[in-house]
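J.: Here it is, the structure, as structure tokens.
Values in this text are rule-based calculations from the coordinates and carry no lab data. Bear in mind the structure is a predicted one, so any value in this text is a computation, not a measurement. As a convention, Cβ positions derive from the backbone with ideal geometry for all residues, glycine included, and neighbour counts pool all protein chains shown.
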Amino acid sequence: MMWRSVVGLIPVTIEKNEYKENVPVDGTPREVMCDVKSVGAREFYQAAAVGMKPEIIIAVRKVEYQDEPKLRYEGTVYHVVRTYSKNGEVLELTCSRFPMGG
């Protein structure tokens with residue numbers, strides 16, 4: 001695995017706004033090394049059948065991922081729509097610019 005790119009993992013917390021409604025608030029991105037892959041045709045079409053639009057796969061070390069639901073890669077914010085443990089040490093994050101159902 002080639003760790004030659006950097007991704008910012010974005011934690012999200014729930015806070016109350018001025019109307020006492022719960023709203024998600026993005027935290028400060030935490031940068032980790034990653035490997036970037038494209039989404040394969042088979043995975044893309046299977047995901048499209050259930051309303052998902054995966055765009056990129058980011059591989060990170062499993063110990064560095066803390067269930068952040070968003071990430072920033074090359075200036076674009078993505079939502080993590082699926083995680084897959086490759087071998088117990090590497091975690092693949094399938095990402096879309098649009099949240100699930102969006």
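J.: Under 11 Å from a label point 7 Å along Cα→Cβ of N87: give me every residue in the range 1-25 with its amide N that close.
T.: Only 1-2 fall inside the zone, counting backbone N under 11 Å.
J.: So if I take the centroid of the Cα atoms in the range 41-68 and the same for the range 1-35, what is the distance between those two points in Å?
T.: Here the answer is 16 Å between Cα centres.
J.: With only Lys, Arg, Asp and Glu charged, each at its Cβ (+1 for the first two, -1 for the last two), find how big the charge dipole of the range 5-96 is about the Cα centre; round to the nearest 20 debye.
T.: With only Lys, Arg, Asp and Glu charged at Cβ, the dipole is about 240 debye.
J.: Let me ask another. So how long is each side of the chain along the principal axes, counting just the alpha-carbon atoms, biggest first, in Å?
T.: That works out to 46, 32, 26 Å along the principal axes.
J.: Another question, if that's okay. How much length is gained on full extension from V12 to R42, taking 0.36 nm per residue of separation minus their Cα-Cα distance?
T.: 7.7 nm
J.: Of T94, I10, V39, which is farthest along the charge dipole of the chain in the positive direction, counting Lys and Arg as +1 and Asp and Glu as -1 at C-beta?
T.: V39
J.: May I pose another question? Counting only C-alpha contacts under 8 Å and six or more residues apart, can you give the relative contact order of the range 5-96 as a whole percent?
T.: It comes to 29 percent, rounded to a whole number.
J.: Rank by packing, highest mean first: peptides 55-61, 40-46, 75-81, with packing defined as the count of other Cβ atoms within 10 Å averaged across residues.
T.: Answer by packing, highest mean first, reads 55-61, 75-81, 40-46.
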